[in-house]
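Everything below concerns the one structure shown next.
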Amino acid sequence: RRLLIGANILVALSVVTVASGYGYARWKFGQIDKTDLCHVLRCGGRSGDDQPINVLVVGSDTRANFDAEDQKKFGTTKEAGGQRSDTIILLRVDPKTEQAAMLSIPRDLYVPIAGANRTDRINTAFEAGADRLIETIEQSLGVPIDHYVQVDFNGFRGIVEAVGGVPIYSPARARDKKSGLNIPNPGCVTLDGEQALAFVRSRNYEYFENGRWRTDPTADLGRIQRQQDFIRRVLKKANQKARGLDLIAINRLVNTGIQNVEIDKSFGTGDISRLALRFKSLEPGAVQMLTVPTVAANVGGASVLRMKQPDAQQVVDTFLSREPPPAEAADSSEAPAIPPASIRLRVLNGSGAEGQAREVGQAMQELGFNVAGLGQADSFRYTDSVVSFGRGQRDKALVVQSKIKGGTVLREDPTLRAVDVVLITGGDFGGVSGAATGAREAPTSTSPAPATKGGAKPSPGATEPPPAPGAQC
């Protein structure tokens, strides 16, 4: 039951498994739309229940199930130029180790399209059907796929409504005029179905820093980070409903899954039940979140993303639990050998330098880090930069610290949940090592600086402010 609550946008599928605990799963399961993809999937080609399983989860932007009101807001599928894969995620579950990982694939990733004599954005492969997308992913990333799950707008929105909204932490006021996102205050905020959809689909995300609205420079990669954070949170909320035997919420989730989810024919209740038994203790926060590393490119005047090698291969190997090649002995003073793409990082402006969070976030993204949020700290009077890390994430913090010029303070923050590391720039911030994008140093201030959290140097006689709200949200 809890495994499949452990897998998702997938919550839509997983809650059908929850229903099995109440005696009517097979009947409900039989109502889900199924498609025959065995010609491209590894249907039945593996032996044993302990083998890892790779599931392709696609969020489709089809408007097929929209009512008249939604069609006015989002348009019809025909007006949108067909259906595209708005979200592409590979889920891997390993029954032997009881571990799970999710690998997000940017929709603008520029790759050869399988079965077509062209190279294009990967989400265009979906126009020709799920089988074309599956073949393109296997060909480009070398990841074999066992099962397929597709959920549309209505499914995602219905999941959020069924669990009563989902709380997120926003480090700053945020908005997107095109998607309709509006977060009027930083900190913890509960999103309903409409705002949740606007949040995860936002491609023109803006946040408020230093008295101005600023465009998120992380673009589609930032969107992926917001999606990953939200998936973890909706999993947690669905988990709570299932454990608490909230039958009304469970029934709503099940019906949402039936109406708005499509799976491959070989993905049966037996497969799901076995996974559920293996992963009964899986916590959503334990699901490793990864993203294919990319670099920006321009093809025929269009902005696209190309895979950044060898980083992309390292991340795929991590996702598939492959043993990395033996590394040369490193100096003990060097940072741990952790791919930046596996580190979820939030950047906050703690110095007051104009637009510094944006610039530092962009520089860290250039180095391959998964930048999952920008904003301003609780004070502009930090002296040293502060690198905070969650439980068990010290090595990742050391990697971040190794890229920061100027004074830095390392500290553990057990309340940190949505990201691995938080970087707060201080007055001694001197830039980002190895990044082409400039990140301005903090302005020199002659006014007394109040104490700062996390061990940053306080001025004499200053008092310590409270921690930033919502870290544990």
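The values are calculated or read from the model by the stated rules, or taken from the named source; none is laboratory data. Here the structure is a predicted model, which means the values were calculated and not measured. Quick reminder, even Gly has a Cβ in these numbers, built from the backbone with ideal geometry, and neighbours come from all protein chains shown. These area figures cover heavy atoms from the full protein model, side chains too; ligands, DNA and RNA do not enter into them. Shrake-Rupley method; radii C 1.70, N 1.55, O 1.52, S 1.80 Å.
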For the stretch 102-148, the percent of accessible surface on carbon and sulfur atoms (probe 1.4 angstrom, ligands and nucleic acids excluded) is 37
Scalar couplings 3J(HN,Hα) for the stretch 342-357 by Karplus 6.51 cos²θ - 1.76 cosθ + 1.60 (θ = phi - 60°), nearest whole Hz, x for Gly and Pro, are 8, 10, 8, 10, 10, 10, 10, 7, x, 10, x, 4, 4, x, 5, 4
Amide H to amide H under 5 Å from residue 120: which residues, 5+ apart in sequence or cross-chain, H placed 1.01 Å off N in plane?
-> 111, 113
State the extension gain, in nm to one decimal, for the chain segment bounded by residue 43 and residue 354, taking 0.36 nm per residue of separation less the distance between their alpha-carbons.
-> 106.5 nm
With +1 on each Lys and Arg Cβ and -1 on each Asp and Glu Cβ, and nothing else charged, work out how big the dipole of the stretch 312-431 is about its Cα centre, in Debye to the nearest 20.
-> 360
Leaving out ligands and nucleic acids, note down the accessible area per residue over the stretch 115-210 with a 1.4 angstrom probe, in whole Å².
-> 36
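Per residue, how much accessible surface does the stretch 371-440 expose to a 1.4 Å probe? Answer in Å², no decimals.
On the way: 2580 Å² over 70 residues.
Here the per-residue accessible area is 37 Å².
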So how far apart, in nm, are the two label points at residue 299 and residue 265 if each is 7 Å from Cα heading toward Cβ?
-> 3.3
Give me the distance in nm between label points sitting 7 Å out from Cα along the Cα-to-Cβ direction at residue 182 and residue 213, one decimal.
-> 1.1
Sequence order, the stretch 209-220: Karplus ³J(HN,Hα) from phi using 6.51 cos²θ - 1.76 cosθ + 1.60, θ = phi - 60°, Hz rounded, Gly and Pro as x, gives 9, 6, x, 9, 7, 10, 6, 5, x, 7, 6, 5
When only alpha-carbon atoms count, how far does the stretch 352-443 stretch along each of its three principal axes, as whole angstroms with the largest first?
-> 32, 28, 21
Can you work out ³J(HN,Hα) from phi for every residue in the stretch 99-111, in order, using Karplus 6.51 cos²θ - 1.76 cosθ + 1.60 and θ = phi - 60°, giving whole Hz and x for Gly and Pro?
-> 10, 9, 9, 10, 10, 8, 10, x, 5, 9, 5, 8, 9
